[in-house]
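**Q** A single structure is presented below for examination.
The values are calculated or read from the model by the stated rules, or taken from the named source; none is laboratory data. Keep in mind the model is a prediction, meaning the values are calculated, not measured. We place every Cβ from the backbone using ideal geometry, glycine too, and count neighbours over all the protein chains shown. Surface accessibility is based on the protein's heavy atoms, side chains included, excluding ligands, DNA and RNA. Shrake-Rupley method; radii C 1.70, N 1.55, O 1.52, S 1.80 Å.
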Amino acid sequence: MATDGKLAVGTYVQVVGLQNAPHYNGQHGFVVNDNGEKVEVALPKALICCAPAKLAAKTQDTRSKKHEIAMFFAGAKGLVNVAAVDGWPTEWEREKPFLAEKFKWGNPQILGGIERAGMPKPSFMMYYDAADTTSSVNNIAESVAALLPSYELGKVPAPAGGKYRGACILVYSPMVGYANGGTPYKQESADTRWSLDDFSTVLAWHASGDADAQYKAHDDPMHRVFGGLTS
């Protein structure tokens with residue numbers, strides 16, 4: 001049902017009533033700005049401005065720990081907008097085709113080396129559309145990438161135009177390290193699942209001084225292999 005009243009910044013919505021751009025109807029996104037009679041909504045590949053009556057407010061379960069991936073959108077300063085993605089493939093080989101088909105990404109790429117607070121090795125990776133030159137800049141993705149060392153950034157194509165744009169996807173993928181003698185180990189289980197609130201916390205942390213200090217302390221390829229070993 002379309003909304004009659006105002007929508008607060010950060011509200012998760014579905015576009016339901018656009019007549020001049022009906023191709024956006026059915027898409028989900030977040031209110032990122034209130035311009036009075038209209039609001040701005042960040043969608044996966046667009047930023048639109050419309051009346052609240054053209055939107056339906058939606059609720060998400062942000063607390064259940066059941067996700068291995070989450071989509072995050074460009075947002076107002078200090079606000080992290082995170083949503084679940086329906087239909088995510090179980091085989092990693094299908095992930096890039098899925099993004100191209102469902103969200104019309106031109107060149108899906110995945111960036112590794114993404115950490116979380118207090119962990120010695122990376123826990124996440126980030127999908128982005130390297131071909132996107134028209135969507136809004138994703139300020140959160142920019143904050144994440146700005147902390148990564150050059151050897152991580154150099155493994156994948158840079159985004160066209162030098163900016164990460166549109167919605168991006170954070171993927172839980174704990175890094176495998178190798179102990180003395182070449183024995184592989186993981187700092188955490190690959191079967192761990194996360195809530196949407198957990199993903200928000202990880203992303204928000206990347207704008208902090210603590211994150212900057214941790215990444216600088218880990219800016220060494222040897223640490224990425226052997227860091228965290230206690231013996």
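**Q** Quick one: residue 26 ticks every box in (1) at positive phi; (2) in contact with a Lys or Arg (Cβ under 8 Å, 6 or more places away or on another chain); (3) small (Gly, Ala, Ser) bar one, so which box is it?
**A** (2)
**Q** Test residue 132 against the criterion of being touching a helix residue (DSSP H, G or I) at 6+ places or on another chain (Cβ under 9 Å), open to solvent by less than 20 Å² (accessible area, probe 1.4 Å), under 29 Å from residue 39 (Cβ atoms) and part of a loop (DSSP other than H, G, I, E, B), and give yes or no.
**A** Working: touching a helix residue (DSSP H, G or I) at 6+ places or on another chain (Cβ under 9 Å): yes; open to solvent by less than 20 Å² (accessible area, probe 1.4 Å): yes; under 29 Å from residue 39 (Cβ atoms): yes; part of a loop (DSSP other than H, G, I, E, B): yes.
Against the criterion (touching a helix residue (DSSP H, G or I) at 6+ places or on another chain (Cβ under 9 Å), open to solvent by less than 20 Å² (accessible area, probe 1.4 Å), under 29 Å from residue 39 (Cβ atoms) and part of a loop (DSSP other than H, G, I, E, B)), residue 132 qualifies.
**Q** Then there's this: On the given criteria, is residue 24 of a type in the set (Ser, Thr, Tyr) and farther than 24 Å from residue 95 by Cβ? Lay out the reasoning, then the answer.
**A** Details: of a type in the set (Ser, Thr, Tyr): yes; farther than 24 Å from residue 95 by Cβ: yes.
Spelling it out, residue 24 is indeed of a type in the set (Ser, Thr, Tyr) and farther than 24 Å from residue 95 by Cβ.
**Q** Looking only at the stretch 63-82, filter to residues that are surrounded by 18 or more Cβ atoms within 10 Å (Cβ to Cβ) and in a loop (DSSP other than H, G, I, E, B); which one of those is modelled with the lowest pLDDT? So that I can check it myself, show each step before the final result.
**A** At the first step, the residues of the stretch 63-82 found to be surrounded by 18 or more Cβ atoms within 10 Å (Cβ to Cβ) are 67, 69-75, 80-82.
Going one step further and asking which of them are in a loop (DSSP other than H, G, I, E, B), we end up with 74-75, 80.
Numbers: 74: 79, 75: 73, 80: 90.
Ranking the candidates gives 75 first.
**Q** Mind listing whichever residues of the stretch 12-62 are in a strand (DSSP E or B), open to solvent by 20 Å² or more (accessible area, probe 1.4 Å) and touching a residue at least 40 places away in the same chain (Cβ under 8 Å)?
**A** Residues satisfying the conditions are 12, 14, 28, 32, 33, 47, 57.
**Q** Tell me whether the stretch 3-17 contains one or more residues that are of a type in the set (Asp, Glu) and at pLDDT 95 or above. So that I can check it myself, show each step before the final result.
**A** We begin by selecting, within the stretch 3-17, every residue of a type in the set (Asp, Glu); these are 4.
Checking which are at pLDDT 95 or above leaves us with none.
Scanning the stretch 3-17 turns up no residue that is of a type in the set (Asp, Glu) and at pLDDT 95 or above.
**Q** Inspect all residues belonging to the stretch 83-104 and state whether any of them is in contact (Cβ under 8 Å) with a residue 12 or more places away in the chain, outside any loop (DSSP other than H, G, I, E, B), open to solvent by 60 Å² or more (accessible area, probe 1.4 Å) and not polar (S, T, N, Q). Steps first, please.
**A** As a first pass, look at the stretch 83-104 and keep what is in contact (Cβ under 8 Å) with a residue 12 or more places away in the chain: 83-85, 87-88, 95-96, 99, 102-104.
Now narrow it down to the ones that are outside any loop (DSSP other than H, G, I, E, B): 83, 95-96, 99, 102-103.
Now narrow it down to the ones that are open to solvent by 60 Å² or more (accessible area, probe 1.4 Å): 96, 102.
Those left that are additionally not polar (S, T, N, Q): 96, 102.
Within the stretch 83-104, one or more residues are in contact (Cβ under 8 Å) with a residue 12 or more places away in the chain, outside any loop (DSSP other than H, G, I, E, B), open to solvent by 60 Å² or more (accessible area, probe 1.4 Å) and not polar (S, T, N, Q).
**Q** Still on this model: For the stretch 76-93, check the following and say yes or no: at least one residue is touching a strand residue (DSSP E or B) at 6+ places or on another chain (Cβ under 9 Å) and of a type in the set (Asp, Glu).
**A** No, the conditions are met nowhere in the stretch 76-93.
**Q** Does at least one position in the stretch 180-193 carry a residue that is at pLDDT below 95, within 24 Å of residue 208 (Cα to Cα) and surrounded by 20 or more Cβ atoms within 10 Å (Cβ to Cβ)?
**A** no
**Q** Please identify the pairs in which a residue from the stretch 154-169 that is farther than 17 Å from residue 203 by Cα has its Cβ atom under 6 Å from the Cβ atom of a residue that is part of a loop (DSSP other than H, G, I, E, B), counting only partners at least 6 apart or on another chain.
**A** 157/130; 159/130; 160/131; 160/133; 161/133
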